[in-house]
Amino acid sequence: MVCGAAVTGSLVVGATTSGAIVPGPNGRIAFESSRSGDTDIYTMGPDGSTQINLTKDSPGIDVFPAWSPDGSKITFSSNRNAPPAEPNNLDVFVMNVDGSGVTQLTASPGEDRGTSWTSDGQTIVFHSSRDRDATHTFDVFKMNADGSNETKIFTNGSAAYVCGDSTNGIIVFNSSGDPLGTNPLNPPVGTNPPARDFEIFTMNMNGGDVFQVTNNTVLDSGPKWSPDCSMISYNSIDAGGSLDIHRINADGTGDVNLTNTPGVFDAFSAWSPDGTRIVFSSNRDVNFEIYTMDAIDGSNIVRLTFTGLGQADFRPDWGTNTTTPPDTALVCQPGTSGSGAAIQICKVSDTDGIRTVLVKNTATNSQQVGLSFDCASAPTSVEFRVPAGTKYNIAIADCSTPRNTTKFVLNERGFLRP
């Protein structure tokens, strides 16, 4: 990666598009959700459509999804193979975009998580607690895309995200350490013993050329590169406890608070491949949902998920894959009828075409909705509405051969599960 002008600390920024993360079309968004009662990896269209659970058959939790640069694979962390006595033992796995071909890449004690791919698809960067001690919890590692050659490149660092290729890439990360003597003790009120807060740093692929991007008295974390490697989005917590998403130039100048919403948790940002939008998670509507906003100033906020109180959608990652997987998807969100009654507005989608949609009211044991279509001209998406506050069993049959029927439950509080 050729990165333009040199900056203090030997960091180079302003990458050309050939060395950037993955400039390209705004494809599907991967994210983690607890809506099924477990935590699984989902993908959805950039407008929130066609939400599909990729890991619904997993016995464990699946978190921290990250797209490969060509959009064909997703890395994630899971405890599916962890010993029963070690539920926090997360390892890194990779799967195809449809959830098939799951392969375990790491097998170490502690937590391996927060993966990021180099633009050439050859190297994966992540952080791990395998070597934690009394002074720190996580370290930054890199490995080949097949899981071989795991190498620690930085002590006391996490949330590592790479921009560029395996040789010349630049990694942004957060750390509570003081590698340059520029991160003084800034303990939160009441902290004893004193501790340093988290700041944002960058380094090369071998852990050298460390440069401190942020330097303040609050906690800065979760950095993500813009597609051209010129800017970084990150989380910052203010004195009042609110967590906002900021955007800053890679040389530490031009910091902008994009969300600036008191009393709200806005975090887990990621850039769209074309660099114009940022996807993030927020509890601004009480429940944690996924939203997008303009990257330049945080305007034009659009809510993408509507999972219901008590269910959380976290850690989105925006890829270039624009292919809609052949699967049945159902999304329901609260609404109001013309008479002012509370309802659930549900949208069904299936790329094979929709044959039937049957919705049963479990309280009255009667059919609430019955839709039927000729597969010769079947729609790929339909919408139906039902009164809120009632439990429904939903069966959707598609037009594939053989016919595939997918079942869902929409409960009284609006929670939707397979």
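A few comments on the model shown:
- Test: residue in segment 275-293 that is over 29 Å from Q212 (Cβ atoms) and in contact with a Pro (Cβ under 8 Å, 6 or more places away or on another chain): yes
- Exactly one residue among G319, G298, G335 is surrounded by 22 or more Cβ atoms within 10 Å (Cβ to Cβ) and in contact (Cβ under 8 Å) with a residue 12 or more places away in the chain, and that residue is G319.
- Any hit, segment 84-97, residues being over 13 Å from P65 (Cβ atoms), surrounded by fewer than 17 Cβ atoms within 10 Å (Cβ to Cβ) and touching a residue at least 40 places away in the same chain (Cβ under 8 Å): no
- If you go through segment 139-151 and pick out every residue that is under 20 Å from the mean Cα position of the chain (by Cα) and part of a loop (DSSP other than H, G, I, E, B), you end up with 1.
- Candidates D244, D266 - the one that is in a strand (DSSP E or B) and touching a Phe, Trp or Tyr at 6+ places or on another chain (Cβ under 7 Å): D266
- Cβ-Cβ distances below 6 Å connect the following pairs, each with a first residue in segment 398-414 that is closer than 27 Å to S377 by Cα, a second residue that is among the polar types (S, T, N, Q) and surrounded by 16 or more Cβ atoms within 10 Å (Cβ to Cβ), and a separation of six or more residues or different chains: D398/T328; D398/N404; T406/T328.
To keep it simple, each residue is scored yes or no on (1) in contact with a Gly (Cβ under 8 Å, 6 or more places away or on another chain); (2) not hydrophobic (A, V, I, L, M, F, W, C).
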| position | (1), (2) |
| --- | --- |
| T123 | yes, yes |
| H127 | yes, yes |
| T137 | no, yes |
| M143 | no, no |
| E150 | no, yes |
| I153 | yes, no |
| A160 | yes, no |
| N174 | yes, yes |
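- Filter pass, S377 being outside the structural domain of S269 (by TED's automatic domain parsing) and out of contact with any helix residue (DSSP H, G or I) (no Cβ under 7 Å at 6 or more places or on another chain): yes
- When segment 314-346 is filtered for residues that are within 21 Å of S68 (Cα to Cα) and either among the aliphatic types (A, V, I, L, M) or in a strand (DSSP E or B) (or both), the ones remaining, listed by number, are F314, R315, P316, D317, W318.
- Count of residues meeting criterion [of a type in the set (S, T, N, Q), buried (at least 24 other Cβ atoms within 10 Å of the Cβ) and closer than 17 Å to Q104 by Cα] in segment 125-169: 1
- Test: R284 is in the same structural domain as M44 (by TED's automatic domain parsing), charged (D, E, K, R) and without any contact (Cβ under 8 Å) to a residue 24 or more places away in the chain: yes
- Identity of the residue in segment 201-221, hydroxyl-bearing (S, T, Y) and in a loop (DSSP other than H, G, I, E, B), that ends up modelled with the lowest pLDDT: T217
- Condition met for T259 (modelled with pLDDT of 95 or more, within 22 Å of the chain's Cα centre (by Cα) and either farther than 30 Å from Q311 by Cα or not assigned by TED's automatic domain parsing to the domain that holds R35 (or both)): no
- D350 vs. criteria surrounded by 14 or more Cβ atoms within 10 Å (Cβ to Cβ), under 21 Å from the mean Cα position of the chain (by Cα) and charged (D, E, K, R): no
- Against the numbered list (1) modelled with pLDDT of 95 or more; (2) within 17 Å of D317 (Cβ to Cβ); (3) charged (D, E, K, R), E150 comes up short only at (2).
- Residue match in segment 359-376 (condition: within 23 Å of L304 (Cβ to Cβ) and under 34 Å from the mean Cα position of the chain (by Cα)): no
- Screening G254, G263, G241, G222 for residues that are crowded, with 18+ Cβ neighbours inside 10 Å, among the small types (G, A, S) and at positive phi leaves exactly one candidate, G222.
- Matching strands (runs of 3 or more DSSP E) fully within segment 37-126 where at least 1 residues are farther than 23 Å from T292 by Cα and under 17 Å from the mean Cα position of the chain (by Cα): 73-78, 91-96, 112-117
The values are calculated or read from the model by the stated rules, or taken from the named source; none is laboratory data. Keep in mind it's a predicted model, so treat the numbers as computed, not measured. Using ideal geometry, Cβ is built from the backbone for each residue, glycine included, and neighbour counts are taken over all protein chains shown.
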